[in-house]
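Note sheet for the following structure.
The values are calculated or read from the model by the stated rules, or taken from the named source; none is laboratory data. Because the structure is a prediction, the values reported are computed rather than measured. All Cβ positions, glycine included, derive from the backbone under ideal geometry; neighbour counts span all protein chains shown. To get the accessible areas, we keep the full protein, side chains included, count just its heavy atoms, and leave off ligands, DNA and RNA. Shrake-Rupley method; radii C 1.70, N 1.55, O 1.52, S 1.80 Å.
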Amino acid sequence: MHALTLPLPSGDTWTRADYEALPEDLPVRVSLIHGELVVNPRPRPIHQRIARRLATRIEDAAPDAWQVDTDVDVLLDDDEVEPVEIAPDIVVYSSEHDAYERPIAAALVTLVIEVVSPSTKRKDRRVQPALYAEAGIRHYWRVETDQTAPAFAVHTYELDDATDAYVATGVHHDRLTATLPFALDVDLKSVRER
């Protein structure tokens, strides 16, 4: 096993420039949260399969105004000292954004989805939703897999303008039917089947 060596930040904290200069082929997933580099292991194949299948079904339903990608950087806060840049499992964002450019500004994102893994439960259930809400992303969905909850389910949330926090809009087990951010009807059995 080889040790992972990452470059050091240019100052006391990581800047966006430091983060963006990291190689794209790192063997781990990294995020930049309030100027700190957060390192997570690469997800298991089942995690990636669920994310890929769900993203494909959402993309098939998305109007031309939206594009859908997996594991792309979203800039949540461009603070000079404590920037926040994260790569959600699935991102639905405006077609106005050039798909050759990164990161995607949070203002162009309408939905982020996290697929919960055993190693990301706390982050996906508590930490990241708070960051997404603070950035003003209207919709957050959390996919609980058989590994992390009693049953496979997609939990949907919408940003409440009065509290600037997410409120639950549904829990979907076999079928996901939604009208926001656009009309969607997904057979979840086909997403979760191995």
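Taking max minus min of the alpha-carbon positions on each principal axis, segment 144-194 gives extents of 40, 25, 11 Å, largest first. Compared with the dominant Cα axis of the chain, that is its longest principal axis, helix 45-61 is turned about 60°.
Leaving out ligands, DNA and RNA, and with a 1.4 Å probe, what % of the accessible surface on segment 113-194 is carbon or sulfur? Exposed carbon and sulfur together represent 48 percent of the surface. Per residue, segment 87-169 exposes 44 Å² of accessible surface when a 1.4 Å probe is rolled over the protein heavy atoms with every protein chain present. I need the fraction of alpha carbon pairs in segment 92-194 separated by more than 22 Å, rounded to a whole percent. I get 35 percent for the Cα pairs in segment 92-194 exceeding 22 Å.
Relative to its residue count, segment 1-123 spans a Cα convex hull of 119 Å³ per residue.
Solvent-accessible surface of segment 1-66, averaged per residue with a 1.4 angstrom probe and all protein chains in place: 65 square angstrom. The packing ranking of peptides 18-26, 44-52, highest mean first, is 44-52, 18-26, where packing means the average number of other beta carbon atoms within 10 angstrom of each residue.
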